[in-house]
1. Looking at the square roots a ≥ b ≥ c of the eigenvalues of the Cα gyration tensor of segment 36-91, which shape do they give, rounded for a/c under 1.5, prolate if a/b is larger than b/c, or oblate?
2. I want to check the label-to-label distance for residue 268 and residue 74. Put each point 7 Å from Cα in the C-beta direction and report it in nm to one decimal.
3. Pick out, from 84, 49, 144, the residue whose Cα sits farthest towards the positive end of the charge dipole of segment 7-145, with +1 on the Cβ of Lys and Arg and -1 on the Cβ of Asp and Glu.
4. What residues qualify as long-range amide H neighbours of residue 179, i.e. H under 5 Å apart, gap of 5 or more or another chain, H built at 1.01 Å from N?
5. Counting other Cβ atoms within 10 Å, which GluC sites (Glu not before Pro) in segment 59-167 have at most 16 and lie in a DSSP loop?
6. Round to the nearest 0.05 the FRET efficiency obtained for residue 59 and residue 127 when R0 = 30 Å and r is the Cβ-Cβ distance.
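Every number in this text was worked out from the coordinates using simple rules, so none of it is lab data. All values reported here derive from a predicted model rather than from experimental measurement. Every residue, glycine as well, gets a Cβ built from its backbone with ideal geometry; the counts of neighbours run over all protein chains shown.
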Amino acid sequence: MSQVETPAADLSLSRAAFGRTTLLQIGLLVVCVVAVYWHILIQLAGDWIHDPNYSHGIVVPFFSAWVIWRERKRFAAAPVEPSNAGLLIIIGALGVLVLGVFGAELFLSRTSLLFLLAGLAVYFRGWRFFRAALFPWAVLFLMIPLPAIIFNQIALPLQFEASRLATGMLGLLGVPVLREGNVIQLPSISLDVVEACSGIRSLVSLITLATFYGYLCEPRIWRRVLLVLAAIPIAVFANGVRIMGSGLLGQYWSPDKAQGFFHEFSGALIFVVSLIALLALHQALTLSLRKFHARPA
């Protein structure tokens, strides 16, 4: 006597088959995307490893994946409303990829991957799903090195600003100092504030950490934005303090100490101090707003 399957059993079987089909489709899509962007991803990973200005980039995709995992219930609850507009975004992203490859512009090639991911999300899941995933998607831009022309436009002003700040602080401490552009002249040493000393490395890293910290510890979006913006003057000022410290070491101890180990060690120390200053700013902001809301009307 044959066993008759119940409608509930049929439904569970169809759901299982649908789940396997969906996973297979997602797997094939991932393989296709990786195959197209394989060499671009390898070059990007090489920049993370060999370029100290972007060593933080290796952490960014893991953080983004963790955010997606943490918010998985919210993503699952988002209504599935596929949009053909996603197809236009996909075509545009592939066009940007072609321009980047033939124009030897790595920034275009790398950002095209992010726009492709956005287009796939909109095409298969809809705008509401993409809106829910906007933060972990936008964070991925932090892992992509800036084009050289933009990087230099940022680094050069930072060099002059760091030189100006360090010169001003040395003068306040009574140290005879003369600045010529980005070169600081002291009686015992001459400090050339080159690109590596511009502070852009700590600036980019601190902005990235401020983004992570804001997401983890601050529910209000405007406060998160404020923390990211505050990271800029904190990093610039801290770098000026670092160069001032190198000048003091060179003037009152040894020029070799200023240019050697203590110069590198002070960079790590100042970055930690900058991070502490950012955390202190957040706590001060939280306490001040709490007191403001607690005041009687």
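1. On the way: a/c = 3.90, a/b = 1.56, b/c = 2.51.
Because a/c hits 1.5 or more and a/b fails to exceed b/c, segment 36-91 counts as oblate.
2. Result: 3.6 nm between the two label points.
3. 84
4. 185
5. Numbers: sites: 71, 105, 161; in loops: 71, 105.
Listed in order of number, the matching sites are 71, 105.
6. Numbers: r = 29 Å, r/R0 = 0.96.
Calculated transfer efficiency: 0.55.
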